[in-house]
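Comments concern the structure below.
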Amino acid sequence: TRILPLELIDKAIGSQIWILMRGKTEVVGILRGFDDYVNLVLDDAIEYFPGSDGTLIRTELKSEILLNGNQIAVLVPNGSPPDDALAARGS
């Protein structure tokens, strides 16, 4: 059966989602909602990115956040990051 991209995202509402942003930032959080432009609303989000000295910087985002869909490169619904991902190293 064929599934459309927005249908896949809709099925992930309420579950953890792993997001690779443009550049080297990754975000893991609970998907609460989205729109037709794939702007996402997340709860309990954690942002991971490499520091200039190669260390991993992990930032817990304490409130509900909105991610701009234009900055999202990859979404992995209902998934955890692989072992070599920044988010996995920072957990």
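Filter the range 65-89 down to the residues that are open to solvent by less than 70 Å² (accessible area, probe 1.4 Å) and either at pLDDT below 75 or among the small types (Gly, Ala, Ser) (or both) and list them by number.
Correct list: GLY69, ALA73, GLY79, PRO82, ALA85, ALA87, ALA88.
Among the residues of the range 1-38, write down those that are more than 13 Å from LEU66 (Cβ to Cβ) and of a type in the set (Ser, Thr, Tyr).
Hits for the range 1-38 are THR1, SER15, THR25.
Looking only at the range 47-64, which residues are open to solvent by 30 Å² or more (accessible area, probe 1.4 Å), touching an Asp or Glu at 6+ places or on another chain (Cβ under 8 Å), assigned to a strand (DSSP E or B) and in contact (Cβ under 8 Å) with a residue 24 or more places away in the chain?
Selection gives PHE49, ARG58, LEU61.
Considering only the range 16-23, I want to know if a residue exists there that is surrounded by fewer than 14 Cβ atoms within 10 Å (Cβ to Cβ), among the aliphatic types (A, V, I, L, M) and part of a strand (DSSP E or B).
no
(1) open to solvent by 50 Å² or more (accessible area, probe 1.4 Å); (2) assigned to a strand (DSSP E or B): which one isn't true of ASP36, the others all being true?
So ASP36 meets the others, but not (2).
The values are calculated or read from the model by the stated rules, or taken from the named source; none is laboratory data. Predicted, not measured: the structure shown is a model, and the values here were computed from it. Neighbour counts run over all protein chains shown; Cβ positions are idealised from the backbone, glycine included. Heavy atoms of the whole protein, side chains included, go into the accessibility calculation; ligands, DNA and RNA do not. Shrake-Rupley method; radii C 1.70, N 1.55, O 1.52, S 1.80 Å.
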